[in-house]
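Structure record follows, encoded as structure tokens.
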């Protein structure tokens, strides 16, 4: 297991390389983009992604074009994957599957609540506003 700190691109380029070597990586989440499921400071465990991991609602680590993100899959069409952070209302990222390097193994209960949370997308700005005040970065 490797521990690294630094800016997004430098640190997560190393994380990408470790995943591409077939190793697991533990990283600390920063920011609110995955609220309420992952708070800033949460530790998550990534493993290299396999084809069968490309499923709606899975949380993945990807190069979104200029930076790296840990976000949830909300759509898959052919070789394209669309991601959205749980703490975001807008701002999806679409990329080739080849730019997705890792996945977080989430429980069935986590996925169940993620489905509800995604369904709440039109109104979740209100609970997110409260959560951002409760859990500052």
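Readers should treat all values here as calculations from the given coordinates under stated rules, not as data from a laboratory. All values derive from a computational prediction rather than experimental measurement.
Sequence-distant contacts, meaning Cα pairs under 8 Å at least 6 residues apart, place the relative contact order of the chain at 23 percent. Taking 76, 49, 116 as the candidate residues, the one with maximal mean-square fluctuation in a Gaussian network model of the chain, Cα springs under 10 Å, is 116. For region 79-137, what class follows from the C-alpha gyration tensor (a ≥ b ≥ c being the square roots of its eigenvalues): rounded when a/c is under 1.5, otherwise prolate if a/b is larger than b/c, else oblate? Because a/c hits 1.5 or more and a/b exceeds b/c, region 79-137 counts as prolate.
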